[in-house]
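The values are calculated or read from the model by the stated rules, or taken from the named source; none is laboratory data. These numbers come from a predicted model, not from an experiment. Positions of Cβ are backbone-derived with ideal geometry, glycine not excepted, and every protein chain shown enters the neighbour counts. What goes into the accessible areas is simple: the full protein's heavy atoms, side chains included, and nothing from ligands, DNA or RNA. Shrake-Rupley method; radii C 1.70, N 1.55, O 1.52, S 1.80 Å.
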Amino acid sequence: METSNANTQFGLPSYDIASDKVQQSFDDTCAIKSQEIVMNAAGLDVTEEGLRAEAIQNGWYSPGVGTPMEDVGKLMEAHGMEVQQQLHGSMFNLVSELSKGHPVIVGVDSGELWNPGADETFEDIIKGPIADHALIVSGINFNDDFSGGTVNLIDPGTGDFAIGYDADQFCDAWDDSGNFMVSIS
């Protein structure tokens, strides 16, 4: 199959820079900060602190616990955005959304991104898959033969803007959420 003319980049390229505008202010507000970033990019003037208060009031976030997966996206909906939650997403779903210019928030096991290795492998075996973090998929760069590549993430937990992770490493971390994704159209 000829792939030399195929598009291999979707969304933003990898920048590997950190920004205070991406960094979450509280240990457990990754889903709120991710929604704030998406809303700000859409032209809505919201803050993490204001959204946190709104999420507490509506029962979508508990301080010290975070945002339950089923409530990720509800802040955006409350501000008039069209949101679709999906379990069992795929790279095809991510590419489809990114190619339309739609931002995508996903659930991941942060340890499998930030500290990959034997401890994370054993955690999956002993405790099972555990998603503990939400972030934004900003782009995907496939190898020329589509055998793998890089997934670029806006990560409120680290403050990284469009940092590239190996696609297999990302998929392993994403799988711990049941490949949960929230797309915005």
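Please tell me which of these pairs span more than 27 angstrom C-alpha to C-alpha: Lys74/Lys127; Lys74/Lys100; Lys100/Lys127?
Lys74/Lys127; Lys100/Lys127
For a quick check, take a GNM of the chain with Cα springs below 10 Å and name the residue from Trp60, Trp174, Trp114 with the largest mean-square fluctuation.
Trp114
For the stretch 54-88, which GluC sites (Glu not before Pro) are in a loop by DSSP, counting at most 15 other Cβ atoms within 10 Å?
Glu82
For the chain, set up a GNM with springs between Cα atoms under 10 Å and report which of Asp45, Asp160, Asp144 has the largest fluctuation.
Asp45
For the chain, what is the calculated [θ] at 222 nm in deg cm²/dmol (nearest 500), taking -39500 (n - 2.57) for each run of four or more DSSP H residues and dividing by its residue count?
Result for the chain: -9000 deg cm²/dmol, rounded to the nearest 500.
Would you mind checking which residues have amide H under 5 Å from Leu44's amide H? H placed 1.01 Å from N; only 5 or more apart, or other chain.
The list, which skips near neighbours in sequence, is empty: none.
What order, most packed first, do the peptides 116-125, 35-44 have when packing is the mean number of other Cβ atoms within 10 Å of each residue?
Answer by packing, highest mean first, reads 35-44, 116-125.
Considering the stretch 98-184, what Rg and Dmax in Å follow from its alpha-carbon atoms?
Looking at the stretch 98-184, its Cα Rg and Dmax stand at 12.8, 39 Å.
How much of the accessible area of the chain, in percent, comes from carbon and sulfur atoms when a 1.4 Å probe is used?
50 percent
Placing unit charges on C-beta atoms (Lys and Arg positive, Asp and Glu negative, everything else neutral), compute the dipole magnitude of the stretch 1-139 about its Cα centre in debye, rounded to 20.
Roughly 340 debye, rounded to the nearest 20.
About the Cα centre of the stretch 61-152, how large is the charge dipole given +1 on each Lys and Arg Cβ and -1 on each Asp and Glu Cβ? Please answer in debye to the nearest 20.
With only Lys, Arg, Asp and Glu charged at Cβ, the dipole is about 280 debye.
Return one whole number: the accessible area per residue of the chain in Å², for a 1.4 Å probe.
50 Å²
Would you mind telling me which residue in Pro103, Pro13, Pro63 has the biggest mean-square fluctuation in a Gaussian network model of the chain, where springs connect alpha carbons within a distance under 10 angstrom?
Fluctuation is largest for Pro63.
Do any trypsin sites (Lys or Arg not before Pro) in the stretch 69-178 lie in a DSSP loop with no more than 11 other beta carbon atoms within 10 Å, and if so, which?
In loop regions of the stretch 69-178 (DSSP not H, G, I, E or B), the sparsely surrounded trypsin sites (Lys or Arg not before Pro) are Lys100.
For the stretch 104-117, in order, what is each residue's ³J(HN,Hα) by Karplus, 6.51 cos²θ - 1.76 cosθ + 1.60 with θ = phi - 60°, in whole Hz (x at glycine and Pro)?
Result, rounded to whole Hz: 9, 9, 10, x, 9, 8, 4, x, 6, 8, 7, 9, x, x.
Convert each backbone phi in the stretch 124-129 into a coupling constant with the Karplus relation 6.51 cos²θ - 1.76 cosθ + 1.60 (shift: θ = phi - 60°), then list the ³J(HN,Hα) values in order as whole Hz, x for Gly and Pro.
Going residue by residue, I get 4, 6, 7, 9, x, x Hz, with x marking Gly and Pro.
Take the alpha carbon gyration tensor of the stretch 18-144, find the square roots of its eigenvalues, order them as a ≥ b ≥ c, and report rounded if a/c is under 1.5; if not, report prolate when a/b exceeds b/c, else oblate.
oblate
Once you keep just the Cα pairs under 8 angstrom separated by 6 or more residues, what percentage relative contact order results for the stretch 14-93?
Over the stretch 14-93, the number comes to 26 percent.
Tell me, in nm to one decimal, what length is gained between Asp20 and Asp145 on full extension, where the rule is 0.36 nm per residue of separation less the Cα-Cα distance?
In short, 41.4 nm is gained.
Let me make sure I get this right: for the stretch 33-85, a, b and c are the square roots of the gyration tensor eigenvalues over alpha carbons, sorted descending. Under 1.5 in a/c it's rounded, otherwise prolate if a/b > b/c, else oblate. Which is it?
Here the stretch 33-85 falls in the oblate category.
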